[in-house]
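Note sheet for the following structure.
Here, each number is a calculation from the coordinates, and none is a lab measurement. Bear in mind the structure is a predicted one, so any value in this text is a computation, not a measurement. Cβ sites come from the backbone with ideal geometry, for glycine too, and all protein chains shown count toward neighbours.
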Amino acid sequence: MASQPAVSSVEIVQEVPNSSVEDDTNVDLGEPVKKRCKVDDPTPLNEEQLEQRLNGILCCSVCLDLPTAVVYQCINGHLMCAGCFTHLLADARLKDETASCPNCRCEINKNLCSRNLAVEKAIGELPTDCQYCMRSIPKNMLERHEKHVCMDRMTKCQYHRIGCTWQGIFHKLANHEEGCSHLKKTGVEVLKALEDIDRQANEEMRMLRSIFDLLSFEKITYHDLQMKPYRTDDFITRLYYETGRFSALGQQWVIKARINDDQRNPTMMWERKISYQLVLKSKISNNSIDVHFVVLKGPFGNAKIKPLIYRFDFNSDKSECPYNYLPLPDSNECNKLLSSKTINFRVIMFQVPK
């Protein structure tokens, strides 16, 4: 009989929270308030919408595309891909102006701007479609997928070196190679294809042999130089580069450079090139100086320069060689050089014995 009141008292305590909605004075302040149940959002955020919003936030403020590699930011946080960043600095160099951010117009240069590693990693995790199979792949894995993993990637027949022109989807490669007509080629036909391959290899070997021959000359010198920009006093100023005087082969020399073959307004051209010339500053007698020279990437430079040997016979009447193109792979490399305060390189000079 004593247990019945205890049961009724428990029931009364359980009814108190329910009655608190009607009468706040009956609420036990010592009991924690119950949490509300989580209700599902009737309009969930679409993944495609989220991706589009992130693309708009992380895109380059100049070209409005997602950066593919390095991302720079101005002091106010506006993002620029590496190509647009160097292009802005190069344009400012050509116009003799201060480079500025296209959004906030603050000054930008390599000292003020920094890389945004968090954005670079975030962009690498964003999904993008494979151009072959249209699968959604994280951007940082896309290159490996398209080159080595995707079964729908474009490929060539393994006999393309002997003339097969077939190109197709990777999963069809095995069937093609089983019936490839080049398997039945005669030895004469195969030798003809190999001759073309040997011709290209011989050109590269000829370049190497010429360098080895030059290294056997008695008079060889090299210098690590800096070309600094300067401008003309014309109505439309033009940008040129020039090194200081340096001694080589017993003479005084200077190297000059110009942009896009001295065009009037190189900023209007997307494709840009640098050409340079070797200038003899010393006065010489009637004897001429036959010189081979080549410009390379120096220990303090960052340009990707392909070795290319030039030759010129200097004398009292011809102290300047013609302008020769600096062999850069593309305009982006040219913009990198223009965006720098100085152009660092190494020049090697060989004097041909008489």
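Observations
- Stretched out straight at 0.36 nm per residue, the stretch from Tyr240 to Tyr132 would grow longer than its current Cα-Cα span by 34.3 nm.
- Stretchable slack from Ser288 to Arg231, in nm (0.36 nm times residue separation minus alpha-carbon distance): 17.3 nm
- Set of lysines near Lys304 by C-alpha distance (under 16 Å), chain-local residues within fewer than 8 positions excluded: Lys273, Lys336
- Gain upon complete extension [Ile169, Ile57; 0.36 nm per residue less C-alpha separation]: 36.7 nm
- ³J(HN,Hα) computed for each position of the stretch 303-313 - Karplus, 6.51 cos²θ - 1.76 cosθ + 1.60, integer Hz, glycine/proline x: 8, 8, 9, 7, x, 9, 8, 10, 9, 8, 9
- Shape of the stretch 92-141, Cα gyration tensor, a/c cut at 1.5: prolate
- Amide H partners (placed H, <5 Å) of Cys150, local residues excluded: none
- Dipole magnitude for the stretch 43-186: computed about the Cα centre from +1 point charges on Lys and Arg Cβ and -1 point charges on Asp and Glu Cβ, it is near 620 debye.
- Spin-label model, Asn109 to Ser316: label points 7 Å out along the Cα-to-beta-carbon direction sit 4.6 nm apart.
- In the stretch 180-231, chymotrypsin sites (Phe, Trp or Tyr not before Pro) in a DSSP loop with at most 16 other beta-carbon atoms within 10 Å: Phe217
- Of the residues Pro127, Asn111, Gly163, the one whose Cα sits farthest toward the positive end of the charge dipole of the stretch 105-169, with +1 on the Cβ of Lys and Arg and -1 on the Cβ of Asp and Glu, is Gly163.
- Taking amide hydrogens as placed 1.01 Å from N in the peptide plane, the amide H of Thr128 sits under 5 Å from those of Ile137, Lys139, each at least 5 positions away in sequence or on another chain.
- When each of the peptides 171-177, 276-282, 61-67 is scored by how many other beta carbons lie within 10 Å of its residues on average, the order from highest to lowest is 276-282, 61-67, 171-177.
- Karplus-based coupling profile of the stretch 141-158, in residue order and whole Hz: 10, 5, 4, 5, 5, 6, 8, 10, 9, 4, 7, 9, 5, 7, 8, 10, 5, 5, with θ = phi - 60° in 6.51 cos²θ - 1.76 cosθ + 1.60 and x standing for Gly or Pro.
- R0 of 56 Å, Cβ-Cβ distance Ala118-Gln158: FRET efficiency to nearest 0.05: 0.80
- Simple spin-label estimate for Val149 and Phe212 gives 4.4 nm between the two label positions (7 Å along the Cα-to-Cβ direction from each Cα).
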